[in-house]
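One structure below.
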Amino acid sequence: MTKPVIGVLGASGAVGRAAVRELRALGHTGLRLGGRTVSTLRAVAEEGPAGHDETVWADADAPDGLRAFTEGCDIVLNCVGPTYRLRATVASAALAAAAHCVDVAGDDPAAEDLRAAGDPARDGRTVVLSAGALPGLSSLLPRWLAGQGLDGTSALTAHCGGLETCSPTVAHDLMLSLTSGGADGAAYGEALAAVRGGRRVPRALRTAEDTEHRSFPGRVALQPYLSQESERLATVLGLDRLDWYNVHPGPAVRALLNQLPGRLAAGDDPAELAGRLILAADLDLAGRKPWYVMDFELSGTASGRPATAGLTLRAASSYRLTAAVGALAVDAVLRAGVPAGVHFACDVLDPEAVVRHLREGNVADLRPTGAAAGADRVEEGVL
């Protein structure tokens, strides 16, 4: 039986290179590696033990190059951006080549473009969007947590952030997210907003500029932020309350983030500001090891009584977390584990399988607490 051709676009980037390793660990070989620097792609290909990976010049901004890359692929894993400028560009090219597509980002704008062009399900094709760390794992982990010792859920508090380099894609997407990235042309999310009574409430929370949190080392800033992914999560879990905080441990990045809305409103060049964000992240990281943390505390009931279940994930890089989720989504599509159509990863991936892969692949350390600690020990014993 012929092996499917998996194309990894952006295979030499921070996420793409890690995604190639994750796909190989899942048993996928003979990958098609795409990017704008062929020499770097060859170096990635040479990391493979079999040496059967193909390297192809490809640029998401060059239609002919993108078409040549996607032609002949069974599925394309997109690891390039900026997400909110490309929207569904790569997914549309994959569908035109009769291939499935997984995008580590994508979000609502890409979903809107794809659905407006016609449902890929009619051709038996699948597109999985937001298959990364945040969004993606940020919703998968709370869904897993909801099944660990609780029989009902009512409130979630989340803290996510870390100290690591800022890639050009992340920097540019952050600029674009302030005015786009959400559904119907809205911004990706709303600062200071939270869910109360099952609905979005503006300015429900305040920023803490210099504080501590038990799961994060040192002093940090906590920025309340409610994304549309988090709102959908609240609906799925039936939450009355949801408080989401982006955690910023580096002072240089914190200072620049506070200035961004005003500078953009004043007409400063977003590209120049993105460059400054990259430098600020490097300054904060100088002489320190990178890390990334996701911390969740879910309240509800267990055996009819009030209870809480917690989960703290610690990893060396959010980029590898994104790569792992993207690779798992590719694997699920190829195994016919995802129906045809356009989906967000959190809606179609099995949270239990994701958590198991993160643990067994040493991608991250996951520590459940409260009701989840006992339930997790039982489950591991069963396995």
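The values are calculated or read from the model by the stated rules, or taken from the named source; none is laboratory data. In this text the structure is predicted, and so the values were computed from the model without any measurement. FYI the Cβ positions are ideal-geometry reconstructions off the backbone, even for glycines, and counts take in every protein chain you see. Please note that ligands, DNA and RNA were not included when accessible areas were found on the heavy atoms of the full protein model with its side chains. Shrake-Rupley method; radii C 1.70, N 1.55, O 1.52, S 1.80 Å.
Observations on the model:
- Against the test of being touching a strand residue (DSSP E or B) at 6+ places or on another chain (Cβ under 7 Å) and over 28 Å from PHE344 (Cβ atoms), the options ARG241, ARG219 yield a single qualifying residue, ARG219.
- Residue within region 36-54 that is more than 28 Å from CYS166 (Cα to Cα), outside any strand (DSSP E or B) and polar (S, T, N, Q) present: no
- Among the conditions (1) modelled with pLDDT under 95; (2) within 20 Å of the chain's Cα centre (by Cα), the only one that VAL76 does not satisfy is (1).
- Boolean, ALA171 is open to solvent by 10 Å² or more (accessible area, probe 1.4 Å), assigned to a helix (DSSP H, G or I) and farther than 29 Å from LEU298 by Cα: no
- Taken over region 148-197, the criterion of being farther than 15 Å from PRO82 by Cα and out of contact with any strand residue (DSSP E or B) (no Cβ under 9 Å at 6 or more places or on another chain) is satisfied by THR165, ALA183, ASP184, GLY185, ALA186.
- Filter pass, ALA121 being modelled with pLDDT under 95 and either touching a Phe, Trp or Tyr at 6+ places or on another chain (Cβ under 7 Å) or closer than 22 Å to ASP173 by Cα (or both): no
- Just one residue in the set VAL236, VAL253 is in a helix (DSSP H, G or I), farther than 24 Å from ASP282 by Cβ, among the aliphatic types (A, V, I, L, M) and within 23 Å of the chain's Cα centre (by Cα); that residue is VAL236.
- Applying the criterion of at least 2 residues that are of a type in the set (A, V, I, L, M, F, W, C) and within 17 Å of ARG24 (Cβ to Cβ) to the helices (runs of 4 or more DSSP H) found wholly in region 313-383 leaves 318-334.
- Taking the criterion of being farther than 21 Å from PRO135 by Cα and open to solvent by 40 Å² or more (accessible area, probe 1.4 Å), the residues of region 69-85 that qualify are GLU71, GLY72, ASP74.
- For region 294-303, the criterion of being within 12 Å of THR165 (Cβ to Cβ) and among the aromatic types (Phe, Trp, Tyr) is met by none of the residues.
- Among residues of region 272-284 that are acidic (Asp, Glu), those with a Cβ under 7 angstrom from a residue that is surrounded by 14 or more Cβ atoms within 10 Å (Cβ to Cβ), sequence gap 6+ or separate chain, pair up as ASP282/THR165; ASP284/LEU163; ASP284/GLY250; ASP284/PRO251; ASP284/ALA252; ASP284/VAL253.
- For region 283-296, the criterion of being in a helix (DSSP H, G or I) and among the hydrophobic types (A, V, I, L, M, F, W, C) is met by at least one residue.
- Count - residues of region 300-348 that are of a type in the set (D, E, K, R) and surrounded by fewer than 19 Cβ atoms within 10 Å (Cβ to Cβ): 4
- Residue in region 183-192 that is crowded, with 18+ Cβ neighbours inside 10 Å, modelled with pLDDT of 90 or more and among the aromatic types (Phe, Trp, Tyr) present: no
- Residues within region 205-246 that are open to solvent by less than 20 Å² (accessible area, probe 1.4 Å), in contact (Cβ under 8 Å) with a residue 60 or more places away in the chain and either closer than 17 Å to SER177 by Cβ or of a type in the set (Phe, Trp, Tyr) (or both), tallied: 5
- Close contacts from region 49-68, counting a first residue that is open to solvent by 60 Å² or more (accessible area, probe 1.4 Å) and a second that is in a helix (DSSP H, G or I), with Cβ to Cβ under 6 Å and a gap of 6+ residues or different chains, come to TRP57/VAL38.
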